[in-house]
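Trainee: Sharing a structure with you now.
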């Protein structure tokens, strides 16, 4: 640790209700020489609500350059304290703030982190599905083999899993998860801590079957595997998925890799199954 430098403090901000800001967070934001934020327009509203100086606000998002990070490091080396905030929740948790924290640590700068709001812990606490360890996986891959692999890994995970998803893709995600492990319990937390907060509970099959318009910020908690639930999709579901993809013109080898990743079955087994189903067409 370099003596005489400032401190980079990771400051959680409300995920919805502005009243959830902590007294210590306000104190750090007030005393910091600089505040770096993922979205200055969004964060300026928070600072205005708290009657704090918005002129010391700077942008540092996923598109930040090395020179942007270096500017923050210069402030810290000059002995100025910097507060790091994100749009909502705790910075550096499925968030671009991780790069800034790592850079400060590598530069020998003191880093501190405050406890506070997080959609992950809020969803876990309200789900009733988590009693011990759980897995947080951030946002799922959007498309392709990586997404199929992601679903397959979740289906084979015995512990509860927590993730974020956009309202545009949540219906598809629930359908994919239901196909792989429909009996597992799930809680979808929508707009947590906000005026229209909602908790949707049931099995993955039940929730995926609901016809509804998804809106707002979404956090998903999948319960642990329990005896009697089975592990991954059965042969009938695998064959149905293969037939569906073949009908779309999927290439044999690519399809076999995708289904193997999704189902957790060996690639050779699935490849032979794809060839067999293709020959029947």
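The numbers here are math on the coordinates, done by the rules we state, and not lab data. The structure presented is a predicted model; accordingly, all values stated were derived computationally and were not measured. FYI the Cβ positions are ideal-geometry reconstructions off the backbone, even for glycines, and counts take in every protein chain you see.
Trainee: Helix 97-106 versus the longest principal axis of the chain: what is the Cα-based angle in degrees, 0 to 90, to the nearest 10?
Mentor: That works out to roughly 60 degrees.
Trainee: OK, next. Using 1/(1 + (r/R0)^6) with R0 = 35 angstrom and r between the beta carbons of residue 143 and residue 26, what's the FRET efficiency to the nearest 0.05?
Mentor: Numbers: r = 41 Å, r/R0 = 1.18.
Computed FRET efficiency for residue 143 and residue 26 comes out at 0.25.
Trainee: Within 10 Å of each residue's Cβ, count the other Cβ atoms and sort 262, 214 from fewest upward.
Mentor: Numbers: 262 26, 214 17.
Sorted ascending by nearby Cβ count, the order is 214, 262.
Trainee: Mind telling me which of 34, 251, 42 comes out most flexible in a GNM of the chain, alpha-carbon contacts under 10 Å?
Mentor: Between 34, 251, 42, it is 251 that shows the largest mean-square fluctuation.
Trainee: Specify which labelled value, from (i) 22.6, 74; (ii) 18.3, 54; (iii) 19.4, 70, agrees with Rg and Dmax of the Cα atoms in Å derived from the coordinates of the model shown.
Mentor: (i)
Trainee: Going by a ≥ b ≥ c, the root eigenvalues of the Cα gyration tensor, does region 235-280 fall in the rounded group (a/c under 1.5), the prolate group (a/b larger than b/c) or the oblate group? Write out the running numbers ahead of the final one.
Mentor: On the way: a/c = 1.38, a/b = 1.30, b/c = 1.06.
Rounded, since a/c falls under 1.5.
Trainee: Which FRET efficiency value, to the nearest 0.05, do you get for residue 59 and residue 183 by plugging their Cβ-Cβ distance into 1/(1 + (r/R0)^6) with R0 = 45 Å?
Mentor: Values: r = 45 Å, r/R0 = 1.00.
Efficiency computed from Cβ-Cβ geometry: 0.50.
Trainee: Can you give the helix-only mean residue ellipticity at 222 nm for the chain, where every DSSP H stretch with n ≥ 4 adds -39500 (n - 2.57) and the sum goes over all residues, rounded to the nearest 500 deg cm²/dmol?
Mentor: The helix-only estimate for the chain comes to -13000 deg cm²/dmol at 222 nm.
Trainee: Using 0.36 nm times the number of residues separating residue 17 and residue 240, minus their current alpha carbon distance, what extension gain do you get?
Mentor: Details: separation 223, 0.36 × 223 = 80.28 nm, distance 4.44 nm.
So the chain would gain 75.8 nm between residue 17 and residue 240.
Trainee: Expressed as an acute angle from 0 to 90° and rounded to the nearest 10, what is the orientation of the C-alpha long axis of helix 66-77 relative to the principal long axis of the chain?
Mentor: Orientation of helix 66-77: about 40 degrees from the principal axis.
Trainee: Once you sort the root eigenvalues of the Cα gyration tensor of region 120-222 as a ≥ b ≥ c, which label holds: rounded (a/c under 1.5), prolate (a/b larger than b/c) or oblate (the other case)?
Mentor: On the way: a/c = 1.44, a/b = 1.16, b/c = 1.24.
Judged from the Cα gyration tensor, region 120-222 comes out rounded (a/c under 1.5).
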